[in-house]
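Only one structure is covered here, and it is reproduced in the block below.
The values are calculated or read from the model by the stated rules, or taken from the named source; none is laboratory data. Treat the numbers as computed from the prediction; the structure is a model and nothing was measured. Here the Cβ positions follow ideal geometry from the backbone for every residue, glycine too, while neighbour counts run over all protein chains shown. The area values use the complete protein model at the heavy-atom level, side chains included, leaving out ligands, DNA and RNA. Shrake-Rupley method; radii C 1.70, N 1.55, O 1.52, S 1.80 Å.
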Amino acid sequence: MAVEASIADKLRMLWNLQLNDSQLDEIQILKGELPMEVADFEDEVAGLDTRIKKMKAVLKESEQDIAKMQTSSKEADGNIKKYQKQLDEVKNNREYEALQKEIELAKLDIQLSEKRVREAKAGLEGKKESLAIAEAKFEAKQKELEVKKVELQSVIEKTEGEEKRLRKHRQKAREGIETRLLNAYDKTRRTYRN
């Protein structure tokens, strides 16, 4: 025959559980927003890292495009020299005019390539500046992240033993309380705001 606990005993057990939970809450308040801040910094650092990698890829692609345009310009210059040599060997007006048009087109190609190279280099400088800013921001955020991690680790080390002890006591305190009372207690704690 099981002896049912008196109302005073039930209240005392709930009071002990509440004291335990209050101490655990104080530890969580001590930790504060640090775990969330660390997670936010980690996300921000990862985002910046991805952005920097994309910027470097775009820079490399722009440099390759500039090299292609410069090569195209050199090829057009080589064609001009070839056409000028052919001018000396022309046999009629039609050949002469065709070669002159080819030379003109090659000169226009060179001018267009040079213009595109200048524009691409100007854009490249802007991209390099953006990359430098992003890298500086990345370094600063990484340093802040390390500081926050050290701070969080020190708080965790200070409170870890106490937190484990309180969790064990909390579990023992819950064992002696009726399920109906525990459900009501848990519901009250979940809706508790202050």
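Worth a mention:
- Peptides 137-143, 184-190 ordered by average Cβ neighbours within 10 Å, highest first: 137-143, 184-190
- The spacing between region 1-64 and region 87-145, judged by their C-alpha centroids, is 52 Å.
- Cross-link table Lys68/Lys127; Lys53/Lys158; Lys121/Lys149, entries beyond 30 Å C-alpha to C-alpha: Lys53/Lys158; Lys121/Lys149
- The chain, accessible area per residue, ligands and nucleic acids excluded (1.4 Å, Å²): 76
- Cross-link partners of Lys82 among lysines (Cα-Cα below 16 Å; sequence separation of 8 or more within a chain): Lys74, Lys101, Lys107
- The chain has equivalent-ellipsoid semi-axes of 82, 17, 11 Å, by the square roots of 5 times the alpha carbon gyration tensor eigenvalues, sorted largest first.
- The chain, dipole about Cα centre (Lys/Arg Cβ +1, Asp/Glu Cβ -1), debye to the nearest 20: 380
- Dipole moment magnitude, nearest 20 debye, region 50-141 about Cα centre, only Lys, Arg, Asp, Glu C-beta charged: 560
- Selected from Asn93, Asn79, Ala8, residue furthest toward positive end of dipole (the chain; charges at beta carbon): Ala8
- Furthest towards positive pole of dipole, Thr159, Val147, Ile177, structure part region 135-194, Cβ charges: Ile177
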